[in-house]
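Enquirer: The structure's right below; bear with me while I get my questions together.
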Amino acid sequence: MTRELRGREAEERQIAHLLHMVAAGASGALYVEGGWGSGRTRLLREAADSAAHQGFAVLEGIWPSAADIGAHASHRPVLVVLDDLHHADAALIRSLDTASWRLRDRPIAWIFSRRRGAGDAAAERLFTRTRMAGPHVDLRPLSAQAAGQIVADHAGAAVAALPHLARVTGGNALLSVEMARSVDSERPGDFIDQPSDRVRSCVRSGMADLSEICRQLLHVGALLGSRFTLGDVAKMLRRTVAELIAPVEEALAADILACEGEWLVFTQEVFRRCLLASLPRPALTALEAEAGRAGVEERFHATRLPDPVRKAAGWAALSDAERTVARLAGQGLTNQQIASRVSRSPHTVNYHLRRIFRKLGIRSRIELVMLAPTDHSAADVMDTAG
């Protein structure tokens, strides 16, 4: 298994079974769906490589005619790989369904792939009521362990906050790879607060695949925080909640949002940060003002991570000096008392606190008290502020 496919063992077995069956002279199909960045394309690439290694004729990309497929199948088994079928028109979808049925007595493996729940009615029929029977693979976000392995495999630098990359990417295979590849060992906290150009480009590609109203919903939701209510977004967009049901379902199917009770939650904090970074400053400022006029400012936390992620990734991003000051402040000490403990001036302590607040995404000592670890060892209060 390649590094990109960690956590996809079950899906690899499905493909191996399909190829084995077709190599023995039968025909078969596999239907693959997944959210944005789920690793569909990489999985299909691995299937094509495996089939070619076993002597299959591999047909992918441009749709070949049924006659061409049949001709290839006269000499050896064939794998037909068709990705991103949510972009295909209805005529092509119908021809796929018809061709796979007409050639069902040939040694042909068909793999049909689309973004989960996307495409028109013809695509929906192909994946739900097709005449060519076959198992369905639904690529869900990776487990924390699998995402962590991908991060460790691809990281070019060893940094303190590296283990938390899997959390802020929400198990998204593509984001896990791109984030790990762009980590800067000199600035371990910035990969969350200031995602790299390659990560932003990755998110832009994912957004381009969504409808305009879904993109609007996500931008406004990102401004409101890591979690938000549909009612608040409706106020901001001046739309009814009913009008936003379809774009919400679209974002849920793409695994960009999830539901937690009455809240909609970004599954990938880095995705949300990239959305905020993509907004021009005038637009961001105007939207902040709009949030106030719409009466949702009390839930407006544009720069905050969810508490578990903020505590893990944010704390790891602090320098030794900042961590010492943060722990002491978290115990309730004043600037003067902290300065005395670490043999530094109150001005220096205040400077450290400003940086700590920014990195942790908080605004007050009260939040710091709630966030600071409770295991204060003797080593934590030693003079390490230099």
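A short reminder: the numbers here are calculations on the coordinates, not readings from a lab. Just so we're clear, the structure is a prediction, and the values are computed from it rather than from any experiment. Don't worry about glycine lacking a Cβ; one is built from the backbone with ideal geometry, like all the others, and counts go over all protein chains shown.
Enquirer: Would you mind putting 119-131, 221-233 in packing order, based on average other-beta-carbon counts within 10 Å, highest first? Spell out each step's value before the answer.
Expert: Values: 119-131: 15.8, 221-233: 21.2.
Ranked from most to least packed, the peptides come out as 221-233, 119-131.
Enquirer: Please find the FRET efficiency linking Ala23 to Arg238, where r is the Cβ-Cβ separation and R0 is fixed at 41 Å, and quote it to the nearest 0.05.
Expert: Plugging the Cβ-Cβ distance into 1/(1 + (r/R0)^6) gives 0.10.
Enquirer: With only alpha-carbon atoms counted, please give the Rg and Dmax of region 14-146, in Å.
Expert: When restricted to the Cα atoms of region 14-146, Rg and Dmax are 14.1, 46 Å.
Enquirer: Sticking with this one: Quick one: length gained pulling Arg13 to Arg104 fully straight, 0.36 nm per residue minus the C-alpha distance?
Expert: 30.6 nm
Enquirer: Between Ser340 and Leu279, with labels modelled 7 Å along Cα→Cβ, what's the label distance in nm to one decimal, could you check?
Expert: In this crude spin-label approximation the distance works out to 4.5 nm.
Enquirer: Just order 277-290, 195-208 by mean Cβ neighbour count inside 10 Å, highest at the front, would you?
Expert: Averaged packing, sorted descending, gives the order 195-208, 277-290.
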